[in-house]
1. Name the pairs whose Cβ atoms lie under 8 Å apart, with the first residue in the range 408-437 and within 21 Å of Arg35 (Cβ to Cβ), the second assigned to a loop (DSSP other than H, G, I, E, B) and open to solvent by 50 Å² or more (accessible area, probe 1.4 Å), and 6 or more positions between them or separate chains?
2. Can you list residue pairs whose Cβ atoms sit under 6 Å apart, with the first residue in the range 334-362 being closer than 15 Å to Ala496 by Cα and the second being open to solvent by 30 Å² or more (accessible area, probe 1.4 Å) and aliphatic (A, V, I, L, M)? Count only pairs 6 or more apart in sequence or on different chains.
3. In the list Ala467, Ala487, which residue meets the criterion of being small (Gly, Ala, Ser), closer than 21 Å to Asp390 by Cα, in contact with a Leu (Cβ under 7 Å, 6 or more places away or on another chain) and crowded, with 21+ Cβ neighbours inside 10 Å?
4. State which residue is nearest to Leu359 (Cα to Cα) when the search covers only the range 388-411 and only residues that are open to solvent by less than 30 Å² (accessible area, probe 1.4 Å) and assigned to a loop (DSSP other than H, G, I, E, B).
5. Which one of the conditions (1) closer than 26 Å to Leu103 by Cα; (2) open to solvent by 10 Å² or more (accessible area, probe 1.4 Å); (3) in contact with a Ser or Thr (Cβ under 8 Å, 6 or more places away or on another chain) does Asp472 fail to meet, given that it meets all the rest?
6. Check Thr383 against each of (1) open to solvent by 40 Å² or more (accessible area, probe 1.4 Å); (2) in a loop (DSSP other than H, G, I, E, B); (3) among the hydroxyl-bearing types (Ser, Thr, Tyr) and name the one condition it does not meet.
7. For the range 201-220, what are the residues that are more than 32 Å from the chain's Cα centre (by Cα) and not polar (S, T, N, Q)?
8. Looking for something outside the structural domain of Thr280 (by the TED database) and under 30 Å from Val492 (Cβ atoms) - is there at least one such residue anywhere in the range 399-410?
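The values are calculated or read from the model by the stated rules, or taken from the named source; none is laboratory data. These figures come from a predicted structure and were not determined experimentally. Because the Cβ atoms are built from the backbone with ideal geometry, glycine has one as well, and the counts that use them run over all protein chains shown. The protein model used for the area step is the full one, side chains on, heavy atoms only, and it has no ligands, DNA or RNA in it. Shrake-Rupley method; radii C 1.70, N 1.55, O 1.52, S 1.80 Å.
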Amino acid sequence: MTSSVASLSFFCLLVLLLPAPHGASSHASYKQGSRQIFSRTSGRSSGNSQQASSVSTATTCSSLATGLGNNKVPVVHRQSPCSQLHGLPSLTAADVLRRDATLIWRRFSSQSSLVAALAPSPAVAALGPSPAATVLAPSPAATIIPANGSSDPRTLPGALDYSVLVNYGTPEQQFPVFLDTSSVGASMLRCKPCASGSNDCDPAFDTSQSSTFANVLCGSPDCPTNCSGGSFCPLDGIYSVINGTFAEDVLALAPSTAINNFKFVCLNVSKPDDQPVAGTLDLSRDRNSLPSQLSSSGQAPAAAFSYCLPKSPSSQGFLSLGVNATVKDDNVTAHAPLVSNGDPELASMYFIDLVGMCLGDEDLPIPVGTFGSNGTNLDVGTTFTMLAPDAYTALSNSFQKQMSQYNFSSPGIGGFDTCFNFTDLNDLVIPNVQFKFSNGDILEIHADQMLYYDDTDAAPFTMACLAFSSLDAGDSFSAVIGSYTLATTEVVYNVAGGEVGFIPWSC
């Protein structure tokens, strides 16, 4: 075991005070070894635990911005009170699980998360994106874009729910766009003139009003599509469900971060959209992604960025671009090697070398080769983590065995099948999930990230399910780690260094 892992193991043995879930029930929570212990409290506790303070739910947009520094701008989740979608019908866990499965199947069969996100599909069409808020103040070192999200099971995050406010064109036109790590290879934006010939296809970027807008032509070095002549460069035919052409203009994330001649895809749209988010911000490994274009412009290290997705509408998260997006070398940060999936069509996605899992003190009996050489996908647009059937079965069986003293609930809830009823308990011990990487580092996932609660106001003393799901047998990939599992963890993508860092409790 490396010294890094030894230090991490020592850190895990410390008793750490953890906040109660947003909502929140009155309880104390502390970590002991690889387990998390919860106790109901009626007052201040003693010893190695103390009563966790409740996190209040934000009810105004101004409360979200409280405490933000000059280098940060609020980004709202679809369930934030600042979101134009706030108050729309919420999604159930079953909706999200079906959506995740559809998204993953389409992505790995057609190499396009945008096909899944934008094509007509009941599970996807039900999702609502989240508009963003104010503009970032100048920062010479990096761009920090905070985000706000929700893990409330009554308002679960959906595909590509985390968004940021960006400005396109000269003069600037402002739009909220999704954050996406598994894009078609470019940021995307709804554009005018409308395909129908009308001007009623908002939200959309009015290209005629920007003095710096230009179409990318076939035959140009900036056209990634194999086409000829002087026509506009189309999005590759593999994504035929999306009708768009490549273009370039000024993209401004903040006064301190602007890219001239930013390449993106102008989506051809014919009618208004009832969703106020106008497109996506590509954070993938593609040459036309935001990190890559920032690097080419000399404003950031090679494809370096990080994000932290929060658990609550009242808490802050962030997207960081630039020198601040670096992997720390300390006893808290886990590091995972970036690897190639081996499929050139998936080269723009992020894969890490997951080799095993633990639950509590037990090394899960996952058959050798289950995770294979194709890597584990990291995706901000997938909510729940999905594992190869052998890995999920081992996790579920071990969790049931280690939790056998509690009341198992069958059938489960929300599409989950490994559930327990903790409603009438005063004390609870939960073994934490650990991901093991090929370099020996370990990433520990705590109870709030690994359990789905039926009632977050009462959590954890409510119905709770293991918030993982199984991939279909025969799938060509081994795991997809979703946003629910990594909430509150800063995920640092150091492409030049060939690794991803995970910094817990960062937002």
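1. Cys419/Ser410; Pro431/Asp361
2. Listed pairs, sorted by first residue: Phe351/Val339.
3. On the way: Ala487 fails: closer than 21 Å to Asp390 by Cα.
From the options Ala467, Ala487, the qualifying one is Ala467.
4. The extreme case among them is Met403.
5. Every listed condition holds for Asp472 apart from (3).
6. Failed condition: (1).
7. Result: Leu217, Cys218, Gly219.
8. The initial filter retains those residues of the range 399-410 that are outside the structural domain of Thr280 (by the TED database), namely 399-410.
Next, only the ones that are under 30 Å from Val492 (Cβ atoms) stay: 399.
Yes, that holds for at least one residue.
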